[in-house]
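K.L.:
Before I ask anything, here is the structure I am working with.
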Amino acid sequence: MECDVCGRLMWRWPVPPTAWEEEIWSCSWCHAATHVGGEWFEISRPPYLPLGMRWEKAVADGLASGASHAFGIFDKTMCGIQEAGMSPSDYLWLPEREDACGACREAASLIDSRWPQSMRSKDARVTVARRL
């Protein structure tokens, strides 16, 4: 599948089929996600979110304390750390905080710059709902 934001090929998440047979596709370049199938949508494309609303804080026993890392895709932090049992927390990762990892901040800023201005409005990405 081709990414509707940047035109690159997307990667299909290796998740078992759900009861709604949803597939999740992610772009490793701009981190756009596309959901295909599911109970209510044929195609669901979440809109652009600014840096402070896009990533959750990563949590894992092996992460050093004192630094806040962004949980990226592919079970790694945005700066590339991969720890056993790492997961996103219930809290947003805030890049403006003093304890935010600088390398995560740089990666997040780079990914954010890959979204064209024309794709940043809430209606820029087309979502197709099933007809009932």
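The values are calculated or read from the model by the stated rules, or taken from the named source; none is laboratory data. The model shown is predicted, which means the values in this text are computed figures rather than measured ones. Quick reminder, even Gly has a Cβ in these numbers, built from the backbone with ideal geometry, and neighbours come from all protein chains shown. With ligands, DNA and RNA removed, areas are computed over all heavy atoms of the protein, side chains included. Shrake-Rupley method; radii C 1.70, N 1.55, O 1.52, S 1.80 Å.
K.L.:
Considering (1) open to solvent by 60 Å² or more (accessible area, probe 1.4 Å); (2) touching a residue at least 12 places away in the same chain (Cβ under 8 Å), say which one residue 64 fails and leave the rest.
P.N.:
(2)
K.L.:
While we're here: Can you give me the number of residues within region 95-130 that are over 30 Å from residue 22 (Cα atoms), surrounded by fewer than 16 Cβ atoms within 10 Å (Cβ to Cβ) and not small (Gly, Ala, Ser)?
P.N.:
5
K.L.:
When only residues in region 67-88 that are surrounded by 13 or more Cβ atoms within 10 Å (Cβ to Cβ) and assigned to a strand (DSSP E or B) count, which is farthest from the chain's Cα centre (by Cα)?
P.N.:
Out of the qualifying residues, it is 68.
K.L.:
Restricting attention to region 19-46, which residues are open to solvent by 60 Å² or more (accessible area, probe 1.4 Å) and either more than 24 Å from residue 70 (Cβ to Cβ) or touching an Asp or Glu at 6+ places or on another chain (Cβ under 8 Å) (or both)?
P.N.:
Of everything in region 19-46, those that are open to solvent by 60 Å² or more (accessible area, probe 1.4 Å) and either more than 24 Å from residue 70 (Cβ to Cβ) or touching an Asp or Glu at 6+ places or on another chain (Cβ under 8 Å) (or both) turn out to be 19, 20, 21, 39, 40, 41, 42.
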